[in-house]
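Right, one structure below, let's go through it.
The values are calculated or read from the model by the stated rules, or taken from the named source; none is laboratory data. Values in this document were obtained by computation on a predicted structure and should not be read as measured data. Glycine gets a Cβ as well: all are built from the backbone with ideal geometry, and neighbour counts include every protein chain shown. Heavy atoms of the whole protein, side chains included, go into the accessibility calculation; ligands, DNA and RNA do not. Shrake-Rupley method; radii C 1.70, N 1.55, O 1.52, S 1.80 Å.
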Amino acid sequence: DSSLVEDFPGLGGILGQAEWEKLAEQYLQEVAPDSYTLRDLGARLPQLIERAGWLSHQALCLDMARLELAYIEVFDAPDTLPLAPERLASIPEESFAEARLVIAPAVRLLSVRYPVADLRRQLLRERDEPVAIPEERAQQLVVYRRQLKLWDMPVSPVAFTFLAALAAGKALGAAAELAARGPEAEAEVGASIGAWLQEWTAKGLVSDVLLQ
């Protein structure tokens, strides 16, 4: 299980050695590897955690496993060139609503109940004092690779809905409508959509734009 230990250090940090060994043993017994690469070994670990009611901090462990699996997937995703900002700026106004943005393959969207990205960084720092288990605090995270580094970025629920719709292949106008459910959300989309697109393009989250 050394590959699991390396791939899921945050999960191991939450559980401690005894529970981690029990979980890893159960996983390796129940899940027959269906891939030749060790990189895929933990792909179904979140599903086991959902059934493992004996785990301490089960919901937190599930969030952490999903986050660390997203890191693995993003790290190994194909490379794509980021969309040039001038291409985004050159979309004709009359075509904007029907344009489709292609979200880069090295991007994952994750909705979690606990602030696991910050917790993971705390757990990976060498320290003498134990790390406290955080209170539940929902977050929407964008996990992505940029310049060979892994990043995670919290976004608002409205921005998350918009980006998820784009990732699902929705046109810009349809994605904005999905995100703008309710007066507050509609105001946020109207005020922020330009800044979101500029930031996401600058960070390499967008790899292409398709005009009909």
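The table that follows gives values for the structure above.
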item: Elements of type helices (runs of 4 or more DSSP H) in the range 37-104, at least 2 residues being open to solvent by less than 70 Å² (accessible area, probe 1.4 Å); result: 45-51, 58-76
item: Answer from ALA159, ALA138, ALA165 - the residue that is touching a Leu at 6+ places or on another chain (Cβ under 9 Å) and either surrounded by 20 or more Cβ atoms within 10 Å (Cβ to Cβ) or under 28 Å from LEU62 (Cα atoms) (or both); result: ALA165
item: Filtered residues of the range 195-212 (kept if of a type outside the set (A, V, I, L, M) and either in a helix (DSSP H, G or I) or surrounded by fewer than 16 Cβ atoms within 10 Å (Cβ to Cβ) (or both)); result: TRP196, GLN198, GLU199, TRP200, THR201, ASP208, GLN212
item: From the options VAL142, VAL155, VAL107, residue that is under 24 Å from VAL189 (Cα atoms) and without any contact (Cβ under 8 Å) to a residue 60 or more places away in the chain; result: VAL155
item: Condition check for VAL143: assigned to a strand (DSSP E or B) and in contact with a Lys or Arg (Cβ under 7 Å, 6 or more places away or on another chain); result: yes
item: Pairs where the first residue, in the range 5-20, is touching a residue at least 40 places away in the same chain (Cβ under 8 Å) and the second is basic (Lys, Arg) and exposed (fewer than 14 other Cβ atoms within 10 Å of the Cβ), C-beta under 9 Å, 6+ apart; result: GLY10/ARG121
item: Test for ARG120: is it touching a residue at least 60 places away in the same chain (Cβ under 8 Å) and assigned to a strand (DSSP E or B); result: no
item: Set ALA59, ALA52, ALA84: member being among the small types (Gly, Ala, Ser) and under 22 Å from ASP208 (Cβ atoms); result: ALA84
item: Count of the range 174-193 residues which are open to solvent by 40 Å² or more (accessible area, probe 1.4 Å) and either in a loop (DSSP other than H, G, I, E, B) or at pLDDT below 95 (or both); result: 1
item: Any hit, the range 145-154, residues being among the aromatic types (Phe, Trp, Tyr), closer than 25 Å to LEU119 by Cβ and surrounded by 15 or more Cβ atoms within 10 Å (Cβ to Cβ); result: yes
item: Matching residues, the range 126-151, being more than 13 Å from the chain's Cα centre (by Cα) and at pLDDT 90 or above; result: ALA132, ILE133, PRO134, GLU135, GLU136, ARG137, ALA138, ARG146, LYS149
